[in-house]
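A quick write-up on the structure given underneath.
What follows is calculated from the coordinates using simple rules that are stated; it is not laboratory data. Here the structure is a predicted model, which is why all the values come from computation and not from measurement. We place every Cβ from the backbone using ideal geometry, glycine too, and count neighbours over all the protein chains shown.
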Amino acid sequence: MPHAGGFVVGTRRGERFCRIRADPVRTPELDPWSAQPTQPDAIPERPAADQSANQGVRSITASLRSESIFGGPRTALFWSLVGRAVIEDLCACDNTFSLQEARVPDVHLDSDDVDILVGGEEFRIPCEIVLRQEASGPEVIFRLFGAPLQVGMRVLLGSVSRFSLRFVKAAFQSDVCCVGGGAGADRVLEFKPFRDPVIVGSHEKLAYVRFDLINFPNFNPGRSEDWLDVAGAEWCVDIRPPRDSPDAEAAQSPFYSVTHSCTVRRANSSAFSSSTATELLGILQDALSFAAGRWVGTAFVAGFDSDGDVGWKCWGVGRLHPRISEDGTWFDRHHGDSLPGVLCGALDLSRDSQRYNSFHAAVYWYVRSGADRGGVDGGLILLNTSLERLGWQRFVVEGTVCPDGRFEGLKKGAQLRCLLKYCRIPVAIPPKLAELAREAATRSWEDGPRAVVETRNLLVHPTGNDHLPWHEAWMLARWYVELVLLRMLNFTGDYLNRTRARAAGDVERVPWG
């Protein structure tokens, strides 16, 4: 059970709980959004009789914000927000507070029996599959009830860390690690799969697949709800507001929530296999994450046959980023009508596996280049990597002729310049990036491609104490990646130009449109 500085976290009957031994000394609050100290009076005062508890609460929230308990300040921020949400549930007893995140219970996904091999013996134990809201995001947990005492002792105290669970009804096997358990009346053992999401079963004749999106932005601000039908590349995708369902409503937390419910089917209503559905969900996740600028999760995935019966499902959400800050992307939320062009473009592109693999790799690096993930310096390296992969795909793999010479022999930004010119993307440094333009003039960098490549090189191979406009170079590189990817998808609509847009809704047509 994780423990740090009097902070203990574990599970109790399917709910998260933590126990904190708090110092009753008043400490300044930290505003989680500005990271600046604020006055303690920012928290409403309790009655005089409860002042000691109120003081302890301030100490708890301040320490959670400032300390990295499970993996960084962002995790601490998560706990501080959760703590504030249930602050009225704190109970004081000798300056020890029991903070329960019982308001975010485990979400039931399924039930089954599992066979587990422990110490050379196989045991069949009832299992509940749940989705748990962890600080790092929703995770699939397998909860085994009524495990024999010797099984619990061997699992919790033995030297083996990897186990295999064979699900009886679902008829598949999953490699897992133990993440908790106890010897109480329930004798519960909890396991976490090494792969998420978990694919359950297979089916050759699915009629449609239903799934929910986690953390996709609202794309119709000012309207009552999002509603979009996408048809293209032999598929129909319906995006709707979140469905009314206990599981979707329960999967909510400060940083993760179900934002949309979707259905996908073939345009001609013909059946398709679960393996096709798996590939399709990956393509949609890539395209939607490219629009959002962060990984958008797919949850509660279920495939239905023509009779409306569930024939296939997925447990978990896969890659997912929390809603913490916004870097902004090419996708303007006031123009949701640009989504169909990107989704259909990704579906069309997937017919060529080589080209799509390059698109997928570039989107992966683009999403990870966000300023709140790797920082603008790390992001600049990832964006250059993405541009190099896209250029290699176009001029080496596909054999497109580069007018500036043999692509592999080009240096000092010439490869990127060749790629941008092919895509009809301007190479001049935009006027808004004035600091980068001044630095480029000082160093005799003739255009944007040269500036992006040289700033990356000086970051990786410094020649001294270089003070460069890293943020503007990152912004320019991110703009280049967005446009090259949109060109790869044959997108011809409006987009938000991060190098000149003054406000949301200020869109323009892509340069080749």
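Here the extension length gained between residue 306 and residue 458 equals 48.8 nm, from 0.36 nm per residue of separation less the Cα-Cα distance.
Is the shape of the stretch 353-509 best called rounded, prolate or oblate, per the rule: a/c under 1.5 gives rounded, else a/b larger than b/c gives prolate, else oblate, with a ≥ b ≥ c the square roots of the Cα gyration tensor eigenvalues?
It comes out rounded by the Cα gyration axes.
Neighbouring Cβ atoms within 10 Å as the yardstick, rank 422, 495 fewest first. Write down the numbers at each step before the final one.
On the way: 422 17, 495 25.
Lowest to highest Cβ neighbour count: 422, 495.
Here the stretch 120-135 and the stretch 441-513 have alpha carbon centers that stand 47 Å from each other.
When each of the peptides 228-234, 443-449, 133-139 is scored by how many other beta carbons lie within 10 Å of its residues on average, the order from highest to lowest is 133-139, 443-449, 228-234.
Expressed in nm to one decimal, what extension gain is obtained for the pair residue 502 and residue 421 from 0.36 nm per residue of sequence separation less their Cα-Cα distance? All intermediate terms of the calculation are to be shown ahead of the outcome.
On the way: separation 81, 0.36 × 81 = 29.16 nm, distance 2.59 nm.
The span from residue 502 to residue 421 would gain 26.6 nm if fully extended.
Fewest-first ordering of 106, 226 by other beta carbons within 10 Å of each residue's beta carbon gives 106, 226.
How would you order 404-414, 244-254 from highest to lowest mean count of nearby Cβ atoms within 10 Å? If you can, show how the numbers build up before the last one.
Working: 404-414: 13.5, 244-254: 15.6.
Sorting 404-414, 244-254 by mean packing, highest first, produces 244-254, 404-414.
State the extension gain, in nm to one decimal, for the chain segment bounded by residue 323 and residue 245, taking 0.36 nm per residue of separation less the distance between their alpha-carbons. Let's see the in-between values first.
Details: separation 78, 0.36 × 78 = 28.08 nm, distance 2.22 nm.
Value of the extension gain: 25.9 nm.
When peptides 107-117, 475-485 are ranked by their average number of other Cβ atoms within 10 Å per residue, the highest-first order is 475-485, 107-117. When 258, 155 are sorted by how many other C-beta atoms sit within 10 angstrom of their C-beta, beginning with the fewest, the order is 155, 258.
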